[in-house]
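The values are calculated or read from the model by the stated rules, or taken from the named source; none is laboratory data. Quick caveat, the model's predicted, so the values are computed rather than measured. Backbone-built Cβ (ideal geometry, glycine too); neighbour counts: all protein chains shown. Ligands, DNA and RNA are excluded from the accessible area calculation, which covers all protein heavy atoms including side chains. Shrake-Rupley method; radii C 1.70, N 1.55, O 1.52, S 1.80 Å.
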Amino acid sequence: MSFLKDFKDFAMRGNVVDLAVGVIIGAAFGKIVTSLVNDVVMPPIGLLLGGVDFSNLFIPLTTGAAPSSFAEAKAAGIPMIAYGLFLNTVFEFLIIALCIFTVISQIKRFTPAEAPVETRKCDYCREAIADDATRCPHCTAELAIKE
């Protein structure tokens, strides 16, 4: 029974639950970004570049009759380099990175900065110590209390 109790205590700790929620929300956000890239961002870019469908860009690695589409090549089991799908994935990554950067920047903006710890030098070893220290952590000398 101790193992189950320990596991329950571990699983119910705040940081584990927070991590699980973050992973679930991250997966859902990833699906949204994938749809944004594939259905909203890439079609206009492809149109600007002359009607290119990025998801259909590939290089077949066999000789002979080249398939006309990515789906056709995949169905035929032809080995290929799907660089169009890679480009879509790179765009997804850049959008996710931009979103995360924006969120972290806003969190930093609204989170108060920690006050710097006031320090002074130990009278004996000259190492930096906390301003309210009564004993030096470096040389263990007893210090006069600063008022």
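What to note about this one:
- Taken over segment 71-110, the residue count meeting the criterion of being open to solvent by 80 Å² or more (accessible area, probe 1.4 Å) and touching a residue at least 12 places away in the same chain (Cβ under 8 Å) is 2.
- Test set (1) over 22 Å from Val103 (Cα atoms); (2) outside any loop (DSSP other than H, G, I, E, B) - Asn15 fails condition number: (1)
- Of all residues making up segment 74-106, the number that are of a type in the set (Val, Ile, Thr) and more than 21 Å from Ala27 (Cβ to Cβ): 2
- Residue within segment 54-70 that is of a type in the set (Phe, Trp, Tyr), surrounded by 12 or more Cβ atoms within 10 Å (Cβ to Cβ) and in contact (Cβ under 8 Å) with a residue 40 or more places away in the chain present: no
- Of the set (1) of a type in the set (A, V, I, L, M, F, W, C); (2) at pLDDT 90 or above; (3) open to solvent by 80 Å² or more (accessible area, probe 1.4 Å); (4) part of a loop (DSSP other than H, G, I, E, B), all apply to Ala113 but (2).
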